1. Just one of (1) under 18 Å from Ala129 (Cα atoms); (2) buried (at least 16 other Cβ atoms within 10 Å of the Cβ); (3) in contact (Cβ under 8 Å) with a residue 60 or more places away in the chain; (4) not β-branched (Val, Ile, Thr) trips up Ala65, so point out which.
2. Considering only region 76-128, state which residues are touching a strand residue (DSSP E or B) at 6+ places or on another chain (Cβ under 8 Å), small (Gly, Ala, Ser) and surrounded by 14 or more Cβ atoms within 10 Å (Cβ to Cβ).
3. Only residues that are without any contact (Cβ under 8 Å) to a residue 24 or more places away in the chain, of a type outside the set (Gly, Ala, Ser) and either assigned to a helix (DSSP H, G or I) or under 12 Å from Val64 (Cα atoms) (or both): list them for region 1-29, please.
4. If I ask for residues that are among the polar types (S, T, N, Q) and over 11 Å from the mean Cα position of the chain (by Cα), which ones from region 35-61 would you list?
5. Quick one: in region 14-30, which of the residues that are among the small types (Gly, Ala, Ser) and more than 15 Å from the chain's Cα centre (by Cα) is nearest to Leu104 (Cα to Cα)?
6. Please enumerate the residues belonging to region 97-115 that are of a type in the set (Lys, Arg) and within 18 Å of Leu18 (Cα to Cα).
7. Within the set of pairs 6+ apart or on separate chains, which have a first residue in region 113-132 that is in a strand (DSSP E or B), a second that is among the aromatic types (Phe, Trp, Tyr) and buried (at least 18 other Cβ atoms within 10 Å of the Cβ), and C-beta atoms under 8 Å apart?
8. Would you mind telling me which numbered condition in (1) at pLDDT 95 or above; (2) within 17 Å of Val128 (Cβ to Cβ); (3) not in a strand (DSSP E or B) Gly82 fails?
Amino acid sequence: MADVLSEKSRALIARPVLASLATLNPDGSPQITPLWVDLDGDDVIFNTAQGRKKARNLERDARVAVTVIDPDDQYNVVAFRGTVIDVTTDGADAHIDALAKKYLGVDTYPMRSEGEVRIIVRVRTDHVAMGG
């Protein structure tokens with residue numbers, strides 16, 4: 001059952017603050033990646049390219065942990081465990097451009113690689129540990 005983010009947590013995620021995403025490697029060890037995040041309803045969404053380490057880890061194990069720490073107030077933190085409930089290519093190119101606008105202030109994602117296939121990953125927040 002989902003644990004819904006508070007308005008304070010939602011406000012932090014709405015800002016251009018980097019998140020840290022933890023996934024599980026094949027041997028069970030954690031893999032942590034800084035990334036851009038967004039909200040869609042009560043779900044947290046992020047964007048990556050097919051074939052990247054985090055995408056491969058999520059294909060095998062849908063469990064994640066995410067932390068977002070306010071750079072202006074280190075005690076304003078959102079931390080949750082969640083489950084990936086959907087992965088899609090639909091709208092993923094437009095979504096990475098929207099994230100580039102949010103985080104970089106540019107209209108088009110400037111780090112796109114030739115031939116990469118972007119995906120949107122949707123995460124249900126199962127347990128909000130801090131900042132709820």
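The values are calculated or read from the model by the stated rules, or taken from the named source; none is laboratory data. This structure is a prediction, so every number in the text was calculated from the model and none was measured. Neighbour counts are summed over all protein chains in view; Cβ atoms, including those assigned to glycine, are modelled from backbone coordinates with ideal geometry.
1. For Ala65, the exception is condition (3).
2. Within region 76-128, Ala79, Gly82, Ala92, Ala98 meet the criteria.
3. Glu7
4. Answer for region 35-61, where residues must be among the polar types (S, T, N, Q) and over 11 Å from the mean Cα position of the chain (by Cα): Gln50, Asn57.
5. Checked region 14-30; the qualifying residue nearest to Leu104 (Cα to Cα) is Ser29.
6. Within region 97-115, Lys101, Lys102 qualify.
7. Close Cβ pairs (under 8 Å, with a partner that is among the aromatic types (Phe, Trp, Tyr) and buried (at least 18 other Cβ atoms within 10 Å of the Cβ)) amount to Ile120/Phe46; Val121/Phe46; Val123/Phe46; Thr125/Phe80; Asp126/Phe80; His127/Phe80; Val128/Phe80; Ala129/Phe80.
8. For Gly82, the exception is condition (3).
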